[in-house]
Amino acid sequence: MALVNEHFLKLPGSYLFSDIAKKINTFKITHPQKEIIRLGIGDVTRPLPPACIEAMHKAVEELAAASTFHGYGPEQGYDFLREAIIKKDYATRGITLAVNEVFVNDGAKSDTGNIGDILRHDNSVGVTDPIYPVYIDSNVMSGRSGVLDPNTGKWSNITYMPCTSENNFIPEIPKKRIDIVYLCYPNNPTGTTLTKAELKKWVDYALANDTLILFDAAYEAYIQEPDVPHSIYEIKGAKRCAIEFRSFSKTAGFTGVRCGYTVVPKELTAATLTGERVSLNALWNRRQCTKFNGASYITQRAAEAIYSPEGQQQIQETIDYYMTNARIMREGLEEAGLEVYGGVNAPYIWVKTPNNTPSWRFFEQMLYEANVVGTPGVGFGPSGEGYIRLTAFGERANCIEAMQRIKNWL
Ligand code: PLP
């Protein structure tokens, strides 16, 4: 008899975005003449940069000839891409990395979800709250989370660090030791960031407590302000305590192409039960070689093209487009009298619902009365209650129209 991994059964039945889809479908059936504007999804709408398209075409041609054909590539990624990443994303910020500290993947979801493979099931885990749900759900699947309290929406073995308007979305450094802490900056869903000084407190905490930081910088390309770190390795000592995840999804419209990378520094170690220190780089390499066969050659050539001068200029235009949307949305929502956060260094806008209206109720009101869709904040964790997330990834005209509708509504 095959037994299931019963930890999966602890996961709440339906997923946030399918609940939202159901509510939208009901609305559409009952209001077929209404046109809704979706500002809820985290997917991009602008096409791929032409430099990437050109690189992909070229790569396809290479695969068409026996002399330039590529079969299995290195599990860790091709050196041409790993070298471009190091040169353009890290050396420019004074960070030195070796090629074998960079692992190319098929997007940050895979690695942020899978990294737990190399960590024991009984590590304690801390997350900022609200949070990208993959961090918690993947820990539930591996048995690290304990049990869910249906009243609080919290898992018993996970430490939640609230990020709300009361603390300016800056998580308090925990008073106790936590083995693994997930940080995501710029943050999904709140769109907020930490300054260098604030992130340094986390690195200092991690070094003092032997904590592993899992730092998700999927939205790094959206940072506009100078005092916001693009990489955790800008902070001294972070290579000894942090793994960093990056993604080309939001940087260059790769949500459908699928490519990202993970940095696991060679100086980073964790302990065995007997106290021996083990290289996480070596373990992750072993894990990847067993379970992953690399991102496709075509994809990696496309990712490399992001770093060409044309690619850099093209992604900048797209990022500017989304960030202009974010500005228009922030201004529109503020004019409508709402309290608005994020949207300055991130394409996410985190809106406080008026009069402490619960997230789901506000979601439905906005859907039915303004015909605009957001994502209920509580779907990202208990501290998201009383907020709604809007994304700036839509079409410009839709963003403008949605703001007008919200202003007329409120
Ligand atoms: N990390 C965060 C914080 C995200 O918001 C997302 C996607 O929305 C991801 C990771 C996953 O991105 P990818 O498309 O690279 O898998």
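For region 91-124, taking the residues that are within 16 Å of the ligand (Cβ to nearest atom) and outside any helix (DSSP H, G or I), the one that is farthest from Cys259 (Cα to Cα) is identified as Val102.
The C-beta contact set for region 279-297 (first residue outside the structural domain of Arg258 (by TED's automatic domain parsing) and on the phi > 0 side of the Ramachandran plot, second residue hydrophobic (A, V, I, L, M, F, W, C) and in a helix (DSSP H, G or I), distance under 8 angstrom, 6+ apart or interchain) is empty.
Between Tyr72, Tyr90, Tyr78, the distinction of being buried (at least 19 other Cβ atoms within 10 Å of the Cβ) and out of contact with any helix residue (DSSP H, G or I) (no Cβ under 6 Å at 6 or more places or on another chain) belongs to Tyr90 only. In region 198-229, the residue that is surrounded by the most Cβ atoms within 10 Å (Cβ to Cβ) out of those that are β-branched (Val, Ile, Thr) and under 22 Å from Ile349 (Cβ atoms) is Val228. Each residue in region 71-103 was checked for being under 24 Å from the mean Cα position of the chain (by Cα) and within 17 Å of Ser308 (Cβ to Cβ), and 12 pass. Residue pairs whose Cβ atoms lie under 8 Å apart, sitting 6 or more positions apart in sequence or on different chains, and linking a residue in region 125-140 that is in contact (Cβ under 8 Å) with a residue 12 or more places away in the chain to a partner that is of a type in the set (Lys, Arg) and surrounded by fewer than 24 Cβ atoms within 10 Å (Cβ to Cβ), are Val125/Arg144; Val134/Lys109; Val140/Lys10.
Here Thr128, Thr68 are screened, and the one residue that is of a type in the set (S, T, N, Q), over 23 Å from the mean Cα position of the chain (by Cα) and either closer than 29 Å to Thr290 by Cα or within 16 Å of the ligand (Cβ to nearest atom) (or both) is Thr68. Annotation note: Cβ proximity below 7 Å between a residue of region 108-124 that is more than 16 Å from Gly275 (Cα to Cα) and a residue that is among the charged types (D, E, K, R) and within 16 Å of the ligand (Cβ to nearest atom) (sequence gap 6+ or interchain) occurs for Ala108/Asp216; Ala108/Arg246; Thr112/Asp216.
When restricted to residues that are closer than 29 Å to Gln312 by Cα and of a type in the set (Asp, Glu), region 199-232 contains 4.
Looking across region 22-69 at every residue that is closer than 30 Å to Pro189 by Cβ and aliphatic (A, V, I, L, M), the one that is surrounded by the fewest Cβ atoms within 10 Å (Cβ to Cβ) is identified as Ile29.
Of the strands (runs of 3 or more DSSP E) that lie entirely inside region 230-277, those containing 2 or more residues that are surrounded by 23 or more Cβ atoms within 10 Å (Cβ to Cβ) and within 10 Å of the ligand (Cβ to nearest atom) span 242-247, 260-263. Among the numbered conditions (1) within 21 Å of Ala217 (Cα to Cα); (2) touching a residue at least 24 places away in the same chain (Cβ under 8 Å); (3) within 16 Å of the ligand (Cβ to nearest atom), the only one that Arg38 does not meet is (1). The residues of region 373-405 that are β-branched (Val, Ile, Thr) and surrounded by fewer than 24 Cβ atoms within 10 Å (Cβ to Cβ), listed by number, are Val373, Val378, Ile400.
Has region 220-228 got any residue that is of a type in the set (S, T, N, Q), within 15 Å of the ligand (Cβ to nearest atom) and in the same structural domain as Leu119 (by TED's automatic domain parsing)? Looking through region 220-228, none of the residues is of a type in the set (S, T, N, Q), within 15 Å of the ligand (Cβ to nearest atom) and in the same structural domain as Leu119 (by TED's automatic domain parsing).
Scanning region 82-96 for residues that are over 23 Å from Asn293 (Cβ atoms) and touching a residue at least 24 places away in the same chain (Cβ under 8 Å) yields Lys87, Lys88, Asp89, Tyr90, Arg93, Gly94, Ile95. Scan region 132-149 for residues that are near the ligand (Cβ under 9 Å from one of its atoms) and touching a Pro at 6+ places or on another chain (Cβ under 8 Å) and the total you get is 1. Hey, does region 261-270 have a residue that's over 23 Å from Tyr205 (Cβ atoms) and in contact with a helix residue (DSSP H, G or I) (Cβ under 9 Å, 6 or more places away or on another chain)? Yes, there is a match, as at least one residue in region 261-270 is over 23 Å from Tyr205 (Cβ atoms) and in contact with a helix residue (DSSP H, G or I) (Cβ under 9 Å, 6 or more places away or on another chain).
The values are calculated or read from the model by the stated rules, or taken from the named source; none is laboratory data. Remember, predicted model here, so these are calculated numbers, not experimental data. FYI the Cβ positions are ideal-geometry reconstructions off the backbone, even for glycines, and counts take in every protein chain you see.
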